[in-house]
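K.L.:
Here you go, one structure.
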Amino acid sequence: MSDRQTLKPGVILDNEYEIRGVLGQGGFGVTYDAHDIRLETRRAIKEFFPHDMSRREGDRKIAAYSGIHNDQFEWGRARFVNEGKLIARFSHPSIVKVIRIFDENNTAYMVLDFVEGETLEKWAARNPYPSIETV
């Protein structure tokens, strides 16, 4: 997914979250660095945006490529929302807290606590053969 497909810095989501930049991109979505305007805190926001079956129309709205992809997109979006609801039930230091979920731009967003630290990808590069003690 190219950068032109991500939300631009300054975009406001749900009248509450300002996009500051992209933290990462994967097969099913984009994770943004965001500012919670009301609480004045840093957040991470996951956007459901599966690049193999959808595209961004204009600056914001997500659309499935075709009717066949629309059913798959809706199925995936429902699973994304259910995953967020499930994760929100947990309270554990190794699980990032889900703050809320909302729909906008024809897709779903998951707002999470922002956690400073090393990415899993960087950690795995430093620990190619981790022992049980390092995990």
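K.L.:
Express in whole angstrom the spacing between the alpha-carbon centres of region 2-61 and region 108-135.
P.N.:
21 Å
K.L.:
What's the Cα-based Rg to Rh of the chain, Rh via Kirkwood?
P.N.:
Values: Rg = 15.9 Å, Rh = 16.0 Å.
In the chain, Rg relative to Rh is 0.99.
K.L.:
Could I ask something else about it? Rounding to the nearest 10 and keeping the result within 0 to 90°, find how far the Cα-based axis of helix 67-88 lies from the longest principal axis of the chain.
P.N.:
Long axis of 67-88 versus the principal axis of the chain: about 40 degrees.
K.L.:
Once you charge only the Cβ atoms, +1 for Lys and Arg and -1 for Asp and Glu, what is the size of the charge dipole of the chain about its Cα centre, to the nearest 20 debye? Don't skip to the answer; put the middle values down first.
P.N.:
Numbers: 19 positive and 21 negative charges, 12 e Å.
For this selection, approximately 60 debye.
K.L.:
How many Å² of accessible area per residue for the chain, probe 1.4 Å? Write down the numbers at each step before the final one.
P.N.:
Values: 8480 Å² over 135 residues.
Heavy-atom SASA per residue in the chain reads 63 Å².
K.L.:
Restrict the search to region 51-123; then list the GluC sites (Glu not before Pro) that DSSP places in a loop and that have at most 12 other Cβ atoms within 10 Å of their Cβ.
P.N.:
Numbers: sites: Glu57, Glu74, Glu83, Glu104, Glu116, Glu118, Glu121; in loops: Glu116, Glu118.
Passing sites in region 51-123 are Glu116, Glu118.
K.L.:
Would you mind telling me the share, in percent, of accessible area of the chain contributed by carbon and sulfur at probe 1.4 angstrom? The partial results should precede the final answer.
P.N.:
On the way: 4430 of 8480 Å².
The nonpolar share, carbon plus sulfur, comes to 52 percent.
K.L.:
Just for the Cα atoms in region 68-135, what are the lengths along the principal axes, largest first, rounded to whole Å?
P.N.:
Cα spread of region 68-135 along its principal axes, largest to smallest: 43, 29, 19 Å.
K.L.:
How big is the equivalent ellipsoid of region 36-80 along its three axes, where each semi-axis is √(5λ) from the Cα gyration tensor, reported in whole Å from largest to smallest? Please report the intermediate quantities before stating the final value.
P.N.:
Numbers: eigenvalues 139, 33, 11 Å².
Value: 26, 13, 7 Å, ordered largest first.
The values are calculated or read from the model by the stated rules, or taken from the named source; none is laboratory data. From a predicted model like this one, the values you see are computed outputs, not experimental measurements. All Cβ positions, glycine included, derive from the backbone under ideal geometry; neighbour counts span all protein chains shown. Ligands, DNA and RNA are stripped out before the accessible areas are found, and what is left, the full protein with its side chains, is counted by its heavy atoms. Shrake-Rupley method; radii C 1.70, N 1.55, O 1.52, S 1.80 Å.
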